[in-house]
1. When the dipole is taken about the Cα centre of the range 25-88, and only Lys, Arg (+1) and Asp, Glu (-1) are charged at their Cβ, what size is it in debye, to the nearest 20?
2. Can you list residues from other chains, or at least 5 along the same chain, whose modelled amide H is less than 5 Å from the amide H of ALA44?
3. Hey, got a sec? Which GluC sites (Glu not before Pro) in the range 45-90 land in a DSSP loop and have at most 14 other Cβ atoms within 10 Å?
4. What is the Cα coordinate range of the range 25-88 on the first, second and third principal axes, sorted by size from largest, in whole angstrom?
Amino acid sequence: LVPFIPMLFLTLLLLFLALFPGAFNCCTKISEEIPKGILRRVEAFEIQKADGLCHLEAVILYIEGRKFCVSPRIRKVKKWMKKNKHRTPRKKPHGRKQRRTKIIKKKEKKQ
């Protein structure tokens, strides 16, 4: 019975990681201030909501492959996010993309 307990714990841990892969990618601390020039270097951003696995509301800024967690209540950040909505990471579409075909209508010439 004793060797069974660590194996059960490991199995449950692996199951948890498989079902909730983002569980350990949550921001656990946020900055209430942001340096002046940092927003100019942001490549993308995400909004972390305080529901589900992440218990803290945050804005995740991606700069040069690193992530920075800041408060969504910072006035500069709110204003910047409104101007830069296009920088949010795009989710991959589900399923196959359908190919769009262009239909060209030929004008009939009068003879």
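1. Value, rounded to 20: 460 debye.
2. The answer is TYR62.
3. Numbers: sites: GLU46, GLU57, GLU64; in loops: GLU57, GLU64.
Sparse-neighbourhood loop GluC sites (Glu not before Pro): GLU64.
4. 30, 24, 20
Laboratory data are not the source of any read-out in this text; all were calculated from the coordinates shown. None of the values given here were measured: they were computed from a predicted structure. Note that we place each Cβ from the backbone using ideal geometry, even for glycine, and neighbour counts take in every protein chain shown.
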